[in-house]
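Scroll down for the structure; my scribbles are underneath it.
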């Protein structure tokens, strides 16, 4: 029998099991991705999967690799924000599939203020947060007061915001293309400051304070969730709505607040990406930004833990960026979307994986004691 | 006017088919948020049939395309069935994964197929200009009655009868309301839920092929189906999970979707000088408003979304 003093074995710790389950999801996702590559063209499959996994290491010269490492990091920071957004809402029992729309609104507001009004970066960042937050709040209020399924409302809001943002940003696009005007030439004050970080990555100018900020915010989310009264109330609302209500918590306010915070996080993510100047928004975009959906993958892969999310966001962005290095004559870069989708699918089996691990460990111990 | 009617009916057929699919799945107790992905897969199945069996004569082409899309839809919906029923996975998460997976897989597949034929063709499109003609039943002036409209209407009647008049349908609904009670009188809850999800795969797949052949004769799979699976879910909620009401709801939503295709033909609408984007947004805005108005007294099946646990009371 287990006594109280007996230490839990390594494989019985919840953290270890989460990491093991996530690794299993990654391995299964990569394996199936590899099989798909094999089916398309057996000759280049091995090379393709390694270039996806290598991403920036694809470049043999260390300084170039370092520069592209910086770019991957610069794109991981926005993804981390979307991941945190989804994770935060999920802790309260809400599935924030609207992260893409909140992200789009964040991009729209920050770019519009930057290009049309020449606002400095901090104003743009705050506007992006407010925009995303309001949109998230709408979804939360619809759920709290009118019982609208937040997933369906989120999807509808995604499309509405995508079309609205396209309309808004058409006013500040380049004359000859569908892309918004470049920040560097038109509104340099709106670019996020690099604070010397860019020198660490072979002068990659897309490396900005967004990266350390994103990590700090992840830590902040963890503290709010685990160490504050607000976080406790939010988690309680997520675990049992009626119990939270009975205990005197304002469950409706909590729901709206959660979605507003989640929305603000996604909006901030968009500001982190577009205000670094690494990408321009295409006003002819007909698909909602993938960042919000990749955030779902990263949130579950990270075991719904803010600190785990830092690693999972980097990994998802790493393979997404890596997808652009596959041989385009044989494969398409969407292969990495396929791999992340498979990873999300397997993430829904995490509970099952964990219970299997628990059982296996339990059996092992019984045998050992006798 | 004829065009508006035609587009309304064809989009209503799509929404009707997919919403009925969602209806079967939810009545059995499984929330199917993966309908969007199932539509993409069904569309892919149908498009492949059109591409590789282009010489089939009229009615055989119709049948083959339907079988192709139904097959793809059903097989793909197994992903949800296995995860949600066998492994008691979170249905929202599985559905989301299926939507992303459907789009990514279809894109990768079609691109690989196109590239294998012609190295320079990196598009994710399939064309079916000639093949599409097989779906036209008759033409009255500008209005073209499609086979799919007739089939959708027939399936509406069939769904109503199956759900309310047959032993199977009533048992299926029992599993979505109170699976433990259903189990206690000897109904195999697992099997019923499988049936519900697979039927939704069938109808969703069919809806997918109707959608991509509705207005165009070429489909770019990178674009997916633009939230139509979720619009169908809104139709289903507005229709209170009842086939008859779903039929009416689908017509209403179909009308708003059709407006974005044909608004330029109406003087009254062009006089408003609204950008076309507004019409693109319209179906989503309407569905959000309708959801806000009608979700309060939801008649959703009681046990939907909850994995069946024999020991639970």
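You will find that of A:135, A:115, A:79, A:142, the residue that is closer than 26 Å to residue A:308 by Cα and in a helix (DSSP H, G or I) is A:79 and no other. Only one of the numbered conditions (1) assigned to a helix (DSSP H, G or I); (2) surrounded by 24 or more Cβ atoms within 10 Å (Cβ to Cβ); (3) more than 10 Å from chain B (Cβ to nearest Cβ) is not met by residue A:122, and that is (2). Only a single criterion out of (1) within 14 Å of another protein chain (Cβ to nearest Cβ); (2) within 23 Å of residue B:259 (Cβ to Cβ); (3) over 9 Å from the mean Cα position of the chain (by Cα); (4) in contact (Cβ under 8 Å) with a residue 60 or more places away in the chain is not satisfied by residue B:221, namely (2). Residue B:88 satisfies every condition listed in (1) surrounded by fewer than 18 Cβ atoms within 10 Å (Cβ to Cβ); (2) farther than 19 Å from residue B:29 by Cβ; (3) facing chain A (nearest Cβ under 9 Å) except (2).
The set of residues in region B:216-250 being touching a helix residue (DSSP H, G or I) at 6+ places or on another chain (Cβ under 7 Å) and within 18 Å of residue B:51 (Cα to Cα) consists of B:217, B:219, B:221, B:222.
Listed residues A:328, A:354; which is within 30 Å of residue A:59 (Cα to Cα), surrounded by fewer than 20 Cβ atoms within 10 Å (Cβ to Cβ) and within 13 Å of another protein chain (Cβ to nearest Cβ)? Explain how you work it out, then say what you get.
Values: A:354 fails: within 30 Å of residue A:59 (Cα to Cα).
Only one candidate passes the filter, namely A:328.
Looking at B:62, B:44, B:48, just one residue is surrounded by fewer than 24 Cβ atoms within 10 Å (Cβ to Cβ) and closer than 17 Å to residue B:124 by Cβ, and that residue is B:48.
Of all residues in region A:257-287, which are in a loop (DSSP other than H, G, I, E, B) and either away from every other protein chain (no Cβ under 14 Å) or crowded, with 24+ Cβ neighbours inside 10 Å (or both)?
In the first step, residues of region A:257-287 are kept if they are in a loop (DSSP other than H, G, I, E, B); the result is A:275-281, A:283-287.
If the condition is that a residue be in a loop (DSSP other than H, G, I, E, B) and either away from every other protein chain (no Cβ under 14 Å) or crowded, with 24+ Cβ neighbours inside 10 Å (or both), then A:275, A:276, A:277, A:278, A:279, A:280, A:281 are the ones that fit.
Entry remark, region B:91-136: residues being more than 9 Å from chain A (Cβ to nearest Cβ) and part of a loop (DSSP other than H, G, I, E, B) number 7 in total.
Residue A:95 meets the conditions (1) surrounded by 24 or more Cβ atoms within 10 Å (Cβ to Cβ); (2) within 11 Å of chain B (Cβ to nearest Cβ) in every case but one. The failed one is (1). When the test is whether a residue is more than 10 Å from chain A (Cβ to nearest Cβ), under 12 Å from residue B:14 (Cβ atoms) and either assigned to a helix (DSSP H, G or I) or within 17 Å of the chain's Cα centre (by Cα) (or both), residue B:226 does not pass it.
The single condition among (1) at pLDDT below 85; (2) closer than 24 Å to residue A:36 by Cβ that residue A:314 does not satisfy is (1).
When we screen A:143, A:171 for residues that are surrounded by fewer than 24 Cβ atoms within 10 Å (Cβ to Cβ), within 14 Å of another protein chain (Cβ to nearest Cβ) and under 24 Å from the mean Cα position of the chain (by Cα), the only hit is A:143.
Scan region A:169-205 for residues that are outside any loop (DSSP other than H, G, I, E, B) and closer than 22 Å to residue A:109 by Cα and the total you get is 14.
The values are calculated or read from the model by the stated rules, or taken from the named source; none is laboratory data. Please read these numbers as outputs of a predicted model, since none were measured by experiment. Please note: Cβ atoms are built from the backbone with ideal geometry, for glycine as well, and neighbour counts cover all protein chains shown.
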